[in-house]
Each structure stands twice: as C-alpha cells, then as structure tokens.
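One structure is given below, encoded as structure tokens.
The values are calculated or read from the model by the stated rules, or taken from the named source; none is laboratory data. Not measured: the values here are computed from a predicted model. Don't worry about glycine lacking a Cβ; one is built from the backbone with ideal geometry, like all the others, and counts go over all protein chains shown.
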C-alpha cells in the first residue's frame, strides 16, 4: 500500500469538509452560520488540531466548489501545499488559469509566495508571447530559461543616483580608494 503524504491526506479531508459545508448550506440556506458552527464543532472534537478558522473553512468550501480541481487532486495538487491552493483560490477565478499556475508551480518548485508573485506579475500572459529561435539554437535545458529571461522585469532601483554635494558639485558613488571628484 503506498504511503500518502500528510499534506495529501489533509487536502482530501479539506475537500471533504468543503463538500459537507456546501451540502449543509444548500439544505439550511446561506447565512445560517454553517461555517461558524462547523468550526466550533471541529475545534471541540479535535482540540489538538488547527486549521478550523472560519476563513480556512471558507477556503475548503471554495476548494470543493472549484469543480475540476477534484480531478487534478491526484495529478498536480498532490505536489502542492495548502498555501498554494489558497493563493490560487484568492487570486484566480478561471479554472484554466489555476491549472496553468499549479502546473508551473509543480514544475518549477515555486513556494506559495513565489506563486503569488508570478500571478501578480501576469506570468502566464507573458509566457511564450515572443517568437524566437531558442529551440533550434540552444540545448533543451537552456531553452526554458532563455524564453523566460526577456520577460522577467528588471528592477534597477538598487542603483544609486548621483548625490549633490554641499559645494554644488555632483558625485556618484565610486569604489573605495578612488579620488574624490574635482570641483567644477
């Protein structure tokens, strides 16, 4: 019998809880405090466990309602942490977008923070947009890096701007031991 990772079991349980919440909401109606009461019941039943806050129960419900994710669970989500899933639920509404980002997160080993940054930078929209001859000219392992490099935003804010000295001259940062700028 294969060993199931604790995070995979937790995801299965979260999905099951989300389905139960959805069923209760359908029976009792939205606004009937299903999530609040369920959270209290779960914390009473399992006092040593964490993760039953109303917000996390809302994530579980959204996870269960996300339809096709149930089929993805065994293939892609098994490699993701719950934090990845909550980022995907918070930041993306289209199933195709979620599938693309979860595939990329698994393939490149992104943490949930990196995943959030990639979503905020619209990585999916920028990937593969420019034509290139990289596939013909580079070895296979360098092709992906070459495709991503031109699309990666370059931040030059770390460069120092010239400083105006009290005597009115301008000075840029210079290596230690170099002569001071002359007065002009």
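Please find, within region 73-92, the residue that is modelled with the highest pLDDT out of those that are more than 25 Å from residue 39 (Cβ to Cβ) and assigned to a loop (DSSP other than H, G, I, E, B).
Initially, region 73-92 is screened for residues more than 25 Å from residue 39 (Cβ to Cβ), giving 74-76, 78-79, 92.
With assigned to a loop (DSSP other than H, G, I, E, B) added as a condition, the list becomes 74-76, 92.
Details: 74: 56, 75: 64, 76: 68, 92: 91.
The qualifying residue modelled with the highest pLDDT is 92.
Taking the condition outside the structural domain of residue 84 (by TED's automatic domain parsing), exposed (fewer than 15 other Cβ atoms within 10 Å of the Cβ), out of contact with any strand residue (DSSP E or B) (no Cβ under 7 Å at 6 or more places or on another chain) and free of Cβ contacts under 8 Å to residues at least 12 places away in the same chain, does residue 33 pass?
yes
Would a scan of region 65-72 turn up a residue that is surrounded by 19 or more Cβ atoms within 10 Å (Cβ to Cβ), assigned to a helix (DSSP H, G or I) and either at pLDDT 90 or above or touching a strand residue (DSSP E or B) at 6+ places or on another chain (Cβ under 7 Å) (or both)?
No, region 65-72 contains no residue that is surrounded by 19 or more Cβ atoms within 10 Å (Cβ to Cβ), assigned to a helix (DSSP H, G or I) and either at pLDDT 90 or above or touching a strand residue (DSSP E or B) at 6+ places or on another chain (Cβ under 7 Å) (or both).
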